[in-house]
Amino acid sequence: MSGTATGPAWQGHERGTAEYRRILVALGFAGVATFAQLYSPQGILPIVARDLHVTAAQSALLISATTVGLAVGVLPWSWLAGRIGCLPAMRVALAAAVLLGAVGAVWPTFEGILVLRVLQGLSLGGVPALAITYLHEEIRPAHTAVAAATYVSGTTVGGLAGRILAAPFAELLGWRAGVGAVIVMCAAATVGFVLITPAPRGSRRSRATPAWVARAALANLRSAGMLVLFAQAFLLMGGFVTVYNYLAFRLERAPFGLDPFAVSLLFLAYLAGTYSSRQAGGAARRLGRTRVLVVSIAIMVVGVLLTLADSILWVIVGLVVFTAGFFGAHAIASGWVGTRASVGRAQAASLYNLFYYLGSSVVGWCGGLLYAASGWDATVALVAGLAVLAAVLACGYALRERSAANR
């Protein structure tokens, strides 16, 4: 790879400069446009299920189909970014996703909508696959951990905005109107992203072939440390999506009896993730990544156990705690990938996202089967078990590294 006209001396924008702020604001818009589209049906799945005459697990395929597409798309996007640059690739990705989302909002059949959601996911894969790499290219290395955590906090705003905006429109005018309103918002966010991003200065072009991309990906898959980070993505995201996919079904029933708009307000718990992801980035600099990661996972477990209560107050508290823990852990793990990768940083980031969204798709769907068969208690046991496994893997690898360093 070779640098741009600025040459190898380019060290990245300093924190506090106008360009640094523009990049973070622009990535905030990209986060909104990506994650609002990705998760907008999640809070209205019961309405979708009734309107299209499908089961809870089938309706959740609207989320899983998109995340499968996203997971499949991350490596091709990393290759394309090497040819045209991260920023142009992200712009193409967002524009294509908005167009496909608009078509999906009016498509008449459930099967056709699923196909369009897969294609939309393929398009959306260009943003999370490249955003962290883009930060590493454009921002001074000393500030990338904080910048990555800030980007993750922005993605929480997107996920929240999509869910909150869709619900009132869906309740009044049908779920298609809810999803359509989100698409309009995402189109505006995409325009904001295109207009605000400064001209790239650290962008690198590559003549890498698909075979080279595959070799770089395999090199990361052979690294035990990277595999532990990829496992965090799969296990924690799988549990997170499971909770948010099926909690709405539980809360519509006794003893809660909440209507869809009231249920959608619970997604305000995402604001806890907006806060915790930034705090985790700062804490990692003081306490170390492993410690903050494991503490964040422990907070997740406490939170999901609190949702077992039959009191709506305790369910809300549990959801807030669970969400804060998840985004703290995700901010650490996702930022760590770019730092740890010794080869193929873009491919490493893409693999993290591949496992992240595979967890969302596979565990998110299987969690619905478990919920239908055994109820919320079993679902919570699954999510807590996945989180504990992630913590064990992280601690085990940290002890192995410490032992190797002391030899």
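Scanning segment 40-63 for residues that are under 15 Å from Arg163 (Cβ atoms), in contact (Cβ under 8 Å) with a residue 24 or more places away in the chain and either touching a Leu at 6+ places or on another chain (Cβ under 9 Å) or not in a helix (DSSP H, G or I) (or both) yields Ser40, Pro41, Gln42, Gly43, Leu45, Val48, Ala60, Leu62, Ile63. Report yes if some residue within segment 373-393 is among the polar types (S, T, N, Q) and part of a helix (DSSP H, G or I); otherwise report no. Yes, that holds for at least one residue. Scanning segment 219-232 turns up no residue that is more than 20 Å from the chain's Cα centre (by Cα), on the phi > 0 side of the Ramachandran plot and part of a loop (DSSP other than H, G, I, E, B). Val388: among the β-branched types (Val, Ile, Thr) and within 17 Å of the chain's Cα centre (by Cα), yes or no? So Val388 does not fit the description; no.
Scanning segment 239-267 for residues that are more than 17 Å from Ser311 (Cβ to Cβ) and more than 23 Å from the chain's Cα centre (by Cα) yields Asp259, Pro260, Phe261.
Taking segment 307-320 on its own, how many of its residues are touching a helix residue (DSSP H, G or I) at 6+ places or on another chain (Cβ under 9 Å), surrounded by fewer than 19 Cβ atoms within 10 Å (Cβ to Cβ) and in a helix (DSSP H, G or I)? Going through segment 307-320 one residue at a time, the tally reaches 4.
With the checklist (1) part of a helix (DSSP H, G or I); (2) buried (at least 16 other Cβ atoms within 10 Å of the Cβ) in hand, flag the one item Pro200 doesn't pass. It is condition (1) that Pro200 fails.
For segment 181-200, a tally of residues being without any contact (Cβ under 8 Å) to a residue 40 or more places away in the chain, within 27 Å of Ile139 (Cα to Cα) and among the β-branched types (Val, Ile, Thr) returns 1.
Does Gly257 meet the test of being over 24 Å from Ile332 (Cβ atoms) and without any contact (Cβ under 8 Å) to a residue 12 or more places away in the chain? In short, yes.
Each reported figure results from applying straightforward, stated rules to the coordinates on display, with no laboratory input. Fair warning: this is a prediction, and the values are worked out from it, not measured in the lab. Every residue, glycine as well, gets a Cβ built from its backbone with ideal geometry; the counts of neighbours run over all protein chains shown.
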